[in-house]
Structures are given as structure tokens and as C-alpha cells.
Amino acid sequence: MQTEDEKTLSFWEHLEELRWTIIRIILALVIIVGVIFTMKEFVFTRIVFAPLNSDFIFYEWLCSLGNLVNLPAICPGEFSLQLININLAGQFLAHIGASFSLALILIVPYILFEIWRFVYPALYPNEKKHIGAIFSSASFLFYAGVATAYLIIFPLTVRFLGSYEISVLVPNQISVQSYLGTLYILIFSLGIMFEMPVLAFLLSKAGLIHKQLLKSVRSYALVILMILAALITPTTDPFTLIVVVLPLYLLYELSIVVCQPQQPTEDDEDEATLL
């Protein structure tokens, strides 16, 4: 006889569970948005607008590296970019948008936990032993992508595009909406793309891909990764493109490592039996 926890839920009961899962996620998101909204000075001065000045941590890393290897040219030097607002409600909407985006980034582990709690009862015992590691890895890789975008890719983008001029007659006046839009695109794009090993593991467990397949298409994958990097990176310099492609390719190699090997088919088993 089934216990209360083991009974099979009906379709409507599953729908009710999903509804409460979504409600809990939305409530958590609203609370975090409210907290971040009250921290306007810290959020914008110390986080969002930090890459606008030459004292940003990545620029200091470059200067330290330049001094270490005797290449002072890689140090960005002193610079500061000024943003402008051209919309009446622009700064208020930017405040709301930044609060929502940062809250969404911070709440990713909780969202994954709620998804884990929703799908866990429906899994087989052999699947349950992997689910915790999968969601933990997904959270870690997402934050690794966010950190790479914020600390490396976006500062390079700001430094290159913010100081690029076609003529001294056309000074740069960068809108706050353009700045924030580029920041959000890079952060969320890299955060999602860094989930490549987790996706590869799940697809291999489902039997859709295998280790040998990823190895055989490695050269094509590199070309695709370069195209994706070019799409999400608004700069045209090869250095920034390489900085984006390198971690993505390393993640592809990691995907090969975590991927399941090809399972022998029935024909292969029959042939092995005959031999």
C-alpha cells in the first residue's frame, strides 16, 4: 500500500504544485528586487557603473600584469566615461531594470532549487543520485559565466567602444540605456552559454549525444562558438573575441569529459557475440 508521500499525483495536483512553485519564485524575486532597489547608491556606484572608471578591478589586473611581464602598453591608463540620459523616465526605469536584473542573477540558485524540488519526486532512483550535482553545477557555471562577462568581457567592451572615434567631430555621448543593455546582454548570454557541460551531460544521459560525437565535430563546434562569440560581443577587435571564445571552447572540452560514451547498439552486440 502506498504512503501519502508515495502516491501518484493527478494532473491537476501536478498543476497545483507547479503553480505554487512559480508563486514562490515570484515572491522571492519581488523581495530581492525590493531590497536591491533601496540600495541605489551602492548598486550603481560600486557595481553597475564601476567599469566606467580606470580603477575598476580588471583594469588594475591588466596594469599589474603589464608590470609583471614588462608590457606597460596593456595597461588601459587613466580614463573615465560619462553616460547621459535622454528620456524623462530613463533613470527611474534604469533603476528598476538594474534591480530586477541583479535580483534575477542572485536568485538563480533558488530557482534551480525550486525546479529540483518539483521534478525530484518524478525521477527514478538512479536519476535522483545525479540531480543534486547537476543543479549545483548549473548554479556554479552560471555564476562563472556572469563573473567572466562582468569582470573581463564587459570592461573590454566599454574600454574599446567607449573610446572609439571615427572623427574628433563626433564625440561619444553614451546613453545609460545603451550601457545597461550591453551589460545585461553580455551577462545573461555568458551565464547561459556556460551551462554547456550540464546540457551535454543531460543530453548524453538521454541518449541524444555521446562523447565520440562531440569529439568528431570539435572543429565545427569551434567555428560555431566563434560565431556565437561574435554575435554577443559588440566589439570588432580580435583580442576580445579570443577572450570570449577561449572559455567557451574550454567548456566544450569539459562537455566531452562529462558526456557519456556511445552505447553499443543491438547490431554491435550481435556482432560481438558472433566474434
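The values are calculated or read from the model by the stated rules, or taken from the named source; none is laboratory data. Computed from a predicted structure; not experimentally measured. Cβ coordinates were reconstructed from backbone atoms using ideal geometry, including for glycine residues, and neighbour counts include every protein chain displayed.
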Exercise for the section: Check Leu228, Leu190, Leu214, Leu208 and return the single one that is modelled with pLDDT under 90 and surrounded by 16 or more Cβ atoms within 10 Å (Cβ to Cβ). Expected result: Leu214
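Here is a check on your reading of the model: is Ala50 within 22 Å of Val243 (Cβ to Cβ), in the same structural domain as Ile187 (by TED's automatic domain parsing) and either of a type outside the set (Ser, Thr, Tyr) or in contact (Cβ under 8 Å) with a residue 60 or more places away in the chain (or both)?
yes
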Problem - Index of the failed condition, Pro234 passing every other in (1) under 30 Å from Gly181 (Cα atoms); (2) part of a helix (DSSP H, G or I); (3) at pLDDT below 80 - result: (2)
Practice task
Could you look through the range 62-84, keep only residues that are surrounded by 15 or more Cβ atoms within 10 Å (Cβ to Cβ) and free of Cβ contacts under 8 Å to residues at least 60 places away in the same chain, and pick out the one that is nearest to Ala147 (Cα to Cα)?
Solution key: Leu62
Problem - Residue under evaluation Leu93, criteria (1) farther than 26 Å from Tyr143 by Cβ; (2) at pLDDT below 85, criterion not met - result: (2)
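A quick yes/no check of all residues on (1) closer than 18 Å to Gln82 by Cβ; (2) surrounded by 18 or more Cβ atoms within 10 Å (Cβ to Cβ); (3) modelled with pLDDT of 85 or more:
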| site | (1), (2), (3) |
| --- | --- |
| Val119 | no, no, no |
| Ala122 | no, no, no |
| Pro125 | no, no, no |
| His130 | no, no, no |
| Ser137 | no, no, yes |
| Ser167 | no, no, no |
| Val176 | yes, yes, yes |
| Tyr179 | yes, yes, yes |
Fill in the blank from the handout: Residue set Leu251, Leu246; condition among the aliphatic types (A, V, I, L, M), outside the structural domain of Glu60 (by TED's automatic domain parsing) and in contact with a helix residue (DSSP H, G or I) (Cβ under 9 Å, 6 or more places away or on another chain); output residue Leu251
Completion exercise
Leu112 fails exactly one of (1) farther than 30 Å from His14 by Cα; (2) surrounded by 15 or more Cβ atoms within 10 Å (Cβ to Cβ); (3) aliphatic (A, V, I, L, M); (4) at pLDDT below 90, namely (1)
Problem - Options Thr8, Thr45, Thr21; residue that is outside any helix (DSSP H, G or I) and either among the hydroxyl-bearing types (Ser, Thr, Tyr) or at pLDDT 90 or above (or both) - result: Thr8
Problem - Listing of helices (runs of 4 or more DSSP H) fully contained in the range 66-150 that carry 2 or more residues being within 21 Å of the chain's Cα centre (by Cα) and over 30 Å from Phe160 (Cα atoms) - result: 108-119, 125-148
